[in-house]
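Chemist: Input: one structure, supplied below.
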Amino acid sequence: MNILISHTHAQSAKRWHEEMLMLLPNASVKVWPDVEQGWADYAIGWQPPKELFISQNKLKAFFSAAAGVDHLLKNPALPKGLPIIRLEDAGMGLQMAEYCLLEVGRQYHRRDDYLAQQHAQTWGFLKSEKRSEYVVGIFGAGVLAKEIVKGLTSFGYRSQTYSRSSTQALADFLSTSRVLILCAPLTPETQDYFNAERFAMLPKGAYVINVARGGLVVDDDLLAAMDSGHLSGATLDVFREEPLPKTHRFWLHPKIRMTPHVSAVTLIGPSTKQVAMKLDRYSKGEPITGLVDRKKGY
Ligand SMILES: NC(=O)c1ccc[n+]([C@@H]2O[C@H](COP(=O)([O-])OP(=O)(O)OC[C@H]3O[C@@H](n4cnc5c(N)ncnc54)[C@H](OP(=O)(O)O)[C@@H]3O)[C@@H](O)[C@H]2O)c1
């Protein structure tokens, strides 16, 4: 079996190469672009260039080195019928759960109000609501959302998820979510999903956390909802354009907290183990999970 690695970071490509050689000792493994035309049976990668799909015209499947495949599906040379298998959790769920818990906890425990008190040199107890009445809504109910729910539950928060297959009405889900966490893929359906109309459905003072993809949110509508006082703020890990352009209003907005797409990074150890296991099974015709539905876009 011939396996090709393609990664935007040379150091990561090197790690993937070493690990795959160790995990699949009978396979030949090369790193793009040092490969002859039509050599690879399988490719593994993150943001592969279109030239890879043009040169490697005998691929049987592509294994994404990420959970989200929106970038990959936009690749103009991606062959129509090529099976794509994505990463499932592989250590990202726990990271994302911790990230969201930190942000939810900061909101619930009124840490910004305490900071304002501190700066005003005021000593005072601020009442919190009953935790069991503080509902956190997660848009998405997949592999990563499930880990967020686990984390929230273990700290006594109430949570609810919303997905394509939900029976709960969107209006009901949004109007009861004090914190809204976005954890769904970017697809033609979710592109620009969170606009003025949907932000208006959230209760006054709601807080938004986006760990999914920037394209789910209409930036100007989010800013307007915060500036009008309807939303209390937002924590954003992902952006429509990354790195976020220096001129973007998000950078210096007082109600926004930002991180540079780090809420759940790909961990090479668990990821290579998962991909090697799936590759082995797939090559033998055995069933695997994580096969992307190209029609749905995730
Ligand atoms: N910020 C980061 O560092 C980072 C890291 C990893 C992943 N991510 C993002 O997180 C996303 C989720 O990952 P995952 O592994 O949990 O994905 P997943 O297991 O495929 O779950 C996706 C969930 O989103 C729901 N969904 C899809 N389209 C929807 C729509 N139109 N309306 C409502 N719900 C919809 C799905 O609904 P059904 O259950 O009905 O199918 C499913 O519950 C990834 O796609 C990626 O973009 C971000």
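Chemist: Quickly run through the range 199-218 and pick out the residues that are surrounded by fewer than 20 Cβ atoms within 10 Å (Cβ to Cβ) and either in contact with a Gly (Cβ under 9 Å, 6 or more places away or on another chain) or more than 26 Å from GLY93 (Cα to Cα) (or both).
Modeler: ALA200, MET201, PRO203, LYS204, GLY205
Chemist: Can you give me the number of residues within the range 37-89 that are among the aliphatic types (A, V, I, L, M) and either in contact with a Cys (Cβ under 8 Å, 6 or more places away or on another chain) or within 16 Å of the ligand (Cβ to nearest atom) (or both)?
Modeler: As a first pass, look at the range 37-89 and keep what is among the aliphatic types (A, V, I, L, M): 40, 43-44, 52, 54, 59, 61, 65-67, 69, 72-73, 77-78, 82, 84-85, 87.
Subsequent filtering for residues that are either in contact with a Cys (Cβ under 8 Å, 6 or more places away or on another chain) or within 16 Å of the ligand (Cβ to nearest atom) (or both) retains 65-67, 69, 72-73, 84-85, 87.
Result for the range 37-89: 9.
Chemist: Can you find even one residue in the range 100-116 that is touching a residue at least 60 places away in the same chain (Cβ under 8 Å), within 14 Å of the ligand (Cβ to nearest atom), closer than 21 Å to ALA145 by Cβ and part of a helix (DSSP H, G or I)?
Modeler: Looking for residues that are touching a residue at least 60 places away in the same chain (Cβ under 8 Å), within 14 Å of the ligand (Cβ to nearest atom), closer than 21 Å to ALA145 by Cβ and part of a helix (DSSP H, G or I), one finds at least one in the range 100-116, hence yes.
Chemist: Within the range 122-135, is there a residue that is in contact (Cβ under 8 Å) with a residue 40 or more places away in the chain and either surrounded by fewer than 21 Cβ atoms within 10 Å (Cβ to Cβ) or touching a helix residue (DSSP H, G or I) at 6+ places or on another chain (Cβ under 9 Å) (or both)? Steps first, please.
Modeler: Of the residues in the range 122-135, the ones in contact (Cβ under 8 Å) with a residue 40 or more places away in the chain are 134-135.
Next cut, either surrounded by fewer than 21 Cβ atoms within 10 Å (Cβ to Cβ) or touching a helix residue (DSSP H, G or I) at 6+ places or on another chain (Cβ under 9 Å) (or both) only: 134-135.
Yes.
Chemist: Write out, first by first residue and then by second, each pair whose Cβ atoms fall under 7 Å of each other, whose residues are 6+ apart or on separate chains, and whose first residue, in the range 270-298, is surrounded by fewer than 19 Cβ atoms within 10 Å (Cβ to Cβ) while the second is of a type in the set (S, T, N, Q).
Modeler: Hits for this filter: LYS296/THR187; GLY297/THR187.
Chemist: Check LEU87, LEU72, LEU82 and return the single one that is touching a strand residue (DSSP E or B) at 6+ places or on another chain (Cβ under 9 Å), of a type outside the set (Ser, Thr, Tyr) and surrounded by fewer than 17 Cβ atoms within 10 Å (Cβ to Cβ). Give the steps one after another, and end with the answer.
Modeler: Values: LEU87 fails: surrounded by fewer than 17 Cβ atoms within 10 Å (Cβ to Cβ); LEU72 fails: surrounded by fewer than 17 Cβ atoms within 10 Å (Cβ to Cβ).
The conditions single out LEU82.
Chemist: A further question on this structure: Could you tell me which of the residues GLU36, GLU51 is exposed (fewer than 13 other Cβ atoms within 10 Å of the Cβ) and under 28 Å from the mean Cα position of the chain (by Cα)? Walk me through it before giving the result.
Modeler: On the way: GLU36 fails: under 28 Å from the mean Cα position of the chain (by Cα).
It is GLU51.
Chemist: Among THR161, THR167, which is within 16 Å of the ligand (Cβ to nearest atom) and farther than 21 Å from ALA212 by Cβ? Break it down into steps so the answer makes sense when it comes.
Modeler: Values: THR161 fails: farther than 21 Å from ALA212 by Cβ.
On inspection, the qualifying residue turns out to be THR167.
Chemist: Separate question: Checking PHE62 against (1) buried (at least 19 other Cβ atoms within 10 Å of the Cβ); (2) touching a residue at least 40 places away in the same chain (Cβ under 8 Å); (3) closer than 17 Å to PRO185 by Cβ, which single condition isn't satisfied?
Modeler: (2)
Chemist: Is it true that ALA97 is within 30 Å of ALA206 (Cβ to Cβ), assigned to a helix (DSSP H, G or I) and among the aliphatic types (A, V, I, L, M)? First the steps, then the outcome.
Modeler: Numbers: within 30 Å of ALA206 (Cβ to Cβ): yes; assigned to a helix (DSSP H, G or I): yes; among the aliphatic types (A, V, I, L, M): yes.
Yes: the conditions hold for ALA97.
Chemist: Please enumerate the residues belonging to the range 1-49 that are of a type in the set (S, T, N, Q), farther than 21 Å from LYS74 by Cβ and in contact with a strand residue (DSSP E or B) (Cβ under 8 Å, 6 or more places away or on another chain).
Modeler: ASN2, SER28 - these are the residues of the range 1-49 that are of a type in the set (S, T, N, Q), farther than 21 Å from LYS74 by Cβ and in contact with a strand residue (DSSP E or B) (Cβ under 8 Å, 6 or more places away or on another chain).
Chemist: So, ALA43, is that one in a loop (DSSP other than H, G, I, E, B), buried (at least 16 other Cβ atoms within 10 Å of the Cβ) and either among the acidic types (Asp, Glu) or at pLDDT 95 or above (or both) or not? Show your work before the answer.
Modeler: Details: in a loop (DSSP other than H, G, I, E, B): no; buried (at least 16 other Cβ atoms within 10 Å of the Cβ): yes; either among the acidic types (Asp, Glu) or at pLDDT 95 or above (or both): yes.
The answer is no for ALA43.
Chemist: Tell me the residue from ALA141, ALA234 that is aliphatic (A, V, I, L, M), in a strand (DSSP E or B), within 16 Å of the ligand (Cβ to nearest atom) and touching a strand residue (DSSP E or B) at 6+ places or on another chain (Cβ under 9 Å), please. Step through it out loud before you land on a result.
Modeler: On the way: ALA141 fails: in a strand (DSSP E or B).
Within the list ALA141, ALA234, the selection yields ALA234.
The values are calculated or read from the model by the stated rules, or taken from the named source; none is laboratory data. Since we're looking at a predicted model, the values are computed, not measured. All Cβ positions, glycine included, derive from the backbone under ideal geometry; neighbour counts span all protein chains shown.
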